[in-house]
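Asker: Right, I'll just put the structure down here and ask away after.
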Amino acid sequence: QSDEKTLLVTGGAGFIGSAVVRELLSNSPHRVVNLDCLTYAGNLASIPTGLHGERYCFERVDLNDAAATANVVLKHRPDAILHLAAESHVDRSIDGPGAFVQTNIVGTFNLLQAALTLFQSMSPAAQTEFRFHHVSTDEVYGDLVGTTDLFTETTPYAPSSPYSASKAASDHLVRAWGRTYGLPTLVTNCSNNYGPYHFPEKLIPHVILNALQGKPLPVYGQGLQIRDWLYVADHARALIQVLLRGHPGETYNIGGHNEKTNIAVVESICDLLQERVPNRPAGVRQFRDLITFVADRPGHDARYAIDAGKIERELGWRPEESFDSGLSKTVDWYLTDEDWWQDVLSGDYQLNRIGGAGA
Ligand code: NAD
């Protein structure tokens with residue numbers, strides 16, 4: 001495991017992908033090729049320039065372009081591929097499902113074909129080491145209504161949203177390329193992530209940044225939906241463990257044992273801000289007063305909760321952060337690293353991109 005590999009990470013400019021890239025460049029000897037087309041969710045500022053160097057390379061490629069995807073894969077000939085690039089926001093998938101079908105399903109197909117061409121051109125020794133690791137979500141399992149059950153690796157798929165349906169389809173494609181063509185595949189299904197560099201449309205950063213601006217904090221329905229939260233750096237470490245040590249053909253569930261209702265999450269953020277922000281926005285005495293209940297999202301799943309026993313037993317991975325410690329670090333990061341999110345809120349983060357603005 002100490003030998004230097006070339007790892008191709010797709011979606012490395014996104015929230016979780018950038019955490020993986022930061023972890024690999026900081027704490028491993030491996031080379032990283034970051035393949036990303038920089039949608040609105042991609043932000044190269046999430047990989048601090050201090051980490052760039054000879055071991056890091058960025059390739060601006062759209063997975064929907066099969067030829068460009070194959071070119072980059074065959075140019076770098078990675079020892080393993082970690083596939084995170086996706087359209088990832090459930091609300092956007094309800095308003096515009098087409099991009100989700102395109103990138104999450106067709107894009108994954110294009111990457112699988114490129115990986116298979118590479119795999120078939122490798123020596124038998126290199127083939128034994130090669131891995132295609134597909135990063136997915138626990139939302140493929142549907143929801144756990146009125147039960148105390150947990151999702152396991154054998155829970156049947158029952159996705160509810162266009163997002164989770166497109167992820168479910170891509171999981172099936174990846175497993176089929178394993179069974180049919182012998183590509184050494186790995187699939188991980190993870191619960192909700194949170195942490196630094198999270199795009200502000202997602203619940204936790206949205207609440208932090210709205211609160212800091214004195215804006216309402218929208219909570220769907222009564223806020224009673226339950227999610228299992230995992231700190232993003234813990235997910236990044238789990239993904240690297242699975243990539244380097246997981247058994248081909250296997251699926252691993254990843255979760256934080258942190259089941260919280262959405263309203264409890266929002267209240268915890270308000271309480272942390274109440275402690276840490278002495279200069280409140282005009283007219284705000286208590287951050288909790290900003291909480292506003294809004295109409296529920298269609299098809300909203302009631303509860304997700306994951307059994308991460310297999311990855312803990314087989315690979316020895318465990319989350320390092322509790323929800324309280326992770327949330328506290330997250331709030332502190334948004335209070336400190338204001339430049340990152342100010343550029344995102346203003347749209348400036350799209351200006352200094354390789355290949356031009358506003359892609
Ligand atoms: P994100 O939206 O923050 O990042 C996605 C990245 O993929 C962006 O950098 C974007 O530019 C890139 N991308 C999108 N379409 C592309 C295309 N066609 N070609 C090349 N690059 C493209 O997403 P995230 O939250 O970091 O999630 C990463 C992966 O993890 C996704 O596959 C998601 O389904 C999965 N996942 C996310 C969570 C979560 O809580 N965020 C939980 C479990 C699994």
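Here, each number is a calculation from the coordinates, and none is a lab measurement. These numbers come from a predicted model, not from an experiment. All Cβ positions, glycine included, derive from the backbone under ideal geometry; neighbour counts span all protein chains shown.
Asker: By the gyration tensor of its Cα atoms, with a ≥ b ≥ c the square roots of the eigenvalues, what is the shape of the chain: rounded for a/c under 1.5, prolate for a/b over b/c, or oblate? Intermediate results must be reported in sequence, preceding the final value.
Answerer: Details: a/c = 1.74, a/b = 1.42, b/c = 1.22.
Prolate is the answer for the chain, as a/c is 1.5 or above and a/b outweighs b/c.
Asker: Please list, in order along the stretch 55-61, the HN-Hα scalar couplings obtained from phi with the Karplus expression 6.51 cos²θ - 1.76 cosθ + 1.60 (θ = phi - 60°), rounded to whole Hz, x for Gly and Pro.
Answerer: 8, 10, 9, 10, 10, 7, 9
Asker: For the chain, what is the percent of antiparallel DSSP beta bridges, rounded to the nearest 5?
Answerer: 10
Asker: What FRET efficiency would be calculated for the residue pair Val277, Val145, taking the C-beta separation as r and a Förster radius of 51 Å, to the nearest 0.05?
Answerer: Values: r = 37 Å, r/R0 = 0.73.
Efficiency computed from Cβ-Cβ geometry: 0.85.
Asker: Counting only other residues whose beta carbon sits under 15 Å from that of Gln241, what net charge do I get with K and R as +1, D and E as -1? Walk me through the numbers on the way to the answer.
Answerer: On the way: positive: Lys5, Arg131, Arg237, Arg245, Lys310, Arg313, Arg318; negative: Glu23, Asp234, Glu250, Glu312, Glu314, Glu320.
The answer is +1.
Asker: While we're on this one: Subtracting the Cα-Cα distance from 0.36 nm times the residue separation, let me have the gained length for His300 to Arg313 in nm, one decimal.
Answerer: Difference between extended and current length: 1.5 nm.
Asker: When the Karplus curve 6.51 cos²θ - 1.76 cosθ + 1.60 is applied with θ = phi - 60°, which whole-Hz ³J(HN,Hα) does each residue of the stretch 128-141 get, with x for Gly and Pro?
Answerer: Residue by residue, the stretch 128-141 yields 4, 8, 5, 9, 10, 10, 9, 9, 10, 10, 6, 5, 5, 7 Hz.
Asker: Among Val277, Val61, Val9, Val145, rank each residue by its count of other Cβ atoms within 10 Å, from fewest to most, as a rough exposure measure.
Answerer: Ordered by Cβ neighbours within 10 Å, fewest first: Val145, Val277, Val61, Val9.
Asker: Follow-up. Using 1/(1 + (r/R0)^6) with R0 = 45 angstrom and r between the beta carbons of Glu338 and Ser123, what's the FRET efficiency to the nearest 0.05?
Answerer: Rounded to the nearest 0.05, the efficiency is 0.35.
Asker: With unit charges on the beta carbons (Lys and Arg positive, Asp and Glu negative) and the dipole taken about the Cα centre of the stretch 262-359, which residue among Ile311, Gly299, Ile263 sits farthest to the positive side?
Answerer: Among Ile311, Gly299, Ile263, the one farthest towards the positive end of the dipole of the stretch 262-359 is Gly299.
Asker: Cα centroid distance between the stretch 125-197 and the stretch 1-79, in Å?
Answerer: First find each Cα centre; the distance between them is then 21 Å.
Asker: For the stretch 54-102, which GluC sites (Glu not before Pro) pass both filters: DSSP loop (anything but H, G, I, E, B) and at most 15 other C-beta atoms within 10 Å?
Answerer: Glu54
Asker: Let me ask something else. Collect residues whose amide H, placed 1.01 Å from N in the peptide plane, falls under 5 Å from the amide H of Ala305; neighbours closer than 5 in sequence don't count.
Answerer: Answer set, sorted by chain and number: Phe151.
Asker: For the stretch 1-137, rounded, prolate or oblate, judged on the Cα gyration tensor with a ≥ b ≥ c (square roots of eigenvalues), a/c < 1.5 rounded, else prolate if a/b > b/c?
Answerer: On the way: a/c = 1.98, a/b = 1.21, b/c = 1.63.
Verdict is oblate for the stretch 1-137.
Asker: Let me ask you something else. How high is the FRET efficiency between His172 and Lys329 when r is their beta carbon distance and R₀ equals 45 Å, given to the nearest 0.05?
Answerer: 0.80
Asker: Turning to a different aspect of this structure: What residue among His83, His198, His172 shows peak mean-square fluctuation when the chain is described by a Gaussian network model with Cα springs under 10 Å?
Answerer: His172
Asker: Straight distance only, please: which lysines reach the Cα of Lys75 with their own Cα at less than 26 Å, same-chain residues fewer than 8 apart left out?
Answerer: Once the sequence-local lysines are set aside, what remains near Lys75 is Lys5.
Asker: Could you tell me which of rounded, prolate or oblate describes the stretch 64-182, using a ≥ b ≥ c as the square roots of the eigenvalues of the alpha-carbon gyration tensor, with rounded for a/c under 1.5 and, failing that, prolate when a/b is larger than b/c and oblate otherwise?
Answerer: Values: a/c = 2.98, a/b = 1.59, b/c = 1.87.
The shape class here is oblate.
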